[in-house]
Amino acid sequence: MSTTKLLSPILSFLKCETPQAWLDEAVKPENLPVLLIDHLVCELKAAQSAMFLIRKYAVDKESGDALLAWLQPFEQLIYKRQGDWRSLPSKNKLTKAILPKSGSAHGQGLIDKMVLLIKEELHHFYQVLEMMDEYGIEYQSITPCRYAKGLLRHVKSFEPDAMVDKLIVGAFIEARSCERFAKIAPHVDKRLGDFYISLLRSEARHYQDYLSLATEIAGTDISERIKYFADIEATLIISADEDFKFHSGLPAATL
């Protein structure tokens, strides 16, 4: 599938494209460290968010514990600076089958899609570490971007609407990631650009998986809720933002 064909539904889903001013900032060589470090953290956060959904809505404690153990080496590397990042590919596997808890109305579909998503996000996490190593960039703690929190604060507090909203937010985060990788890729060196292009297919599928799960679980038309979050997401992207990150808004310095 061509990049244009792959991006077409994503550009229709998002209410706005990334502003040129953000792209101009993103391709500056001095911003490569923060871009890759933030990308690294985003991959881990994506895996954690998917795991939260499985543990909260779909599995019993034993399966939940197995999921936590799967993520542990990746979290320890970031939060405690423990372990060798080169060993992570051997850690990217589940130790047992993850089964839905009894009475879970949407357990298996959620598990199947989210387990695959987690596996891919953790693989991407390792790939970003490889890129950082190639460019001589060391991991350091950075402040979180306002983007995800800005979306999640609008999630409803009651079920099943809360779950549907979280899935819609997940779809927007994946769609925006896909759009930004495609935007940046032609403007950086070939090694990094090829890496970004290689991520498009899985990011696009993750967006579709989140959206199909939201539709299935809601059991009703969610187009108005999607439109609601599209407006919020677009505002975060095109409004002034003092903090440059992978999902940040319009660089305030350019205004």
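Numerical summary
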{"quantity": "Residues located in the stretch 159-175, provided they are open to solvent by less than 30 Å² (accessible area, probe 1.4 Å) and more than 19 Å from Thr235 (Cα to Cα)", "calculated": "Ala162, Met163, Val164, Leu167"}
{"quantity": "Subset of the stretch 39-71 (residues that are surrounded by fewer than 19 Cβ atoms within 10 Å (Cβ to Cβ), over 22 Å from the mean Cα position of the chain (by Cα) and under 13 Å from Ile111 (Cα atoms))", "calculated": "Asp60"}
{"quantity": "First in the stretch 179-201 and more than 19 Å from Glu134 (Cβ to Cβ), second anywhere and among the aromatic types (Phe, Trp, Tyr) and not in a helix (DSSP H, G or I), Cβ under 9 Å, 6 or more apart", "calculated": "Arg180/Phe246"}
{"quantity": "Subset tally (residues that are exposed (fewer than 14 other Cβ atoms within 10 Å of the Cβ), in a helix (DSSP H, G or I) and not hydroxyl-bearing (Ser, Thr, Tyr)) for the stretch 72-111", "calculated": "5"}
{"quantity": "Residues within the stretch 133-158 that are more than 16 Å from Ser177 (Cα to Cα) and either touching a His at 6+ places or on another chain (Cβ under 9 Å) or open to solvent by 90 Å² or more (accessible area, probe 1.4 Å) (or both), tallied", "calculated": "6"}
{"quantity": "Any hit, the stretch 81-88, residues being touching a strand residue (DSSP E or B) at 6+ places or on another chain (Cβ under 9 Å) and farther than 20 Å from Gly170 by Cα", "calculated": "no"}
{"quantity": "Matching option when the condition is surrounded by 17 or more Cβ atoms within 10 Å (Cβ to Cβ) and either out of contact with any helix residue (DSSP H, G or I) (no Cβ under 6 Å at 6 or more places or on another chain) or aromatic (Phe, Trp, Tyr) (or both), among Tyr207, Tyr228", "calculated": "Tyr207"}
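The values are calculated or read from the model by the stated rules, or taken from the named source; none is laboratory data. Worth saying up front: this structure is predicted, and the values here are computed from it rather than measured. Every residue, glycine among them, receives a Cβ derived from its backbone with ideal geometry; neighbour counts consider all protein chains shown. SASA here: full protein model, heavy atoms, side chains in, ligands and nucleic acids out. Shrake-Rupley method; radii C 1.70, N 1.55, O 1.52, S 1.80 Å.
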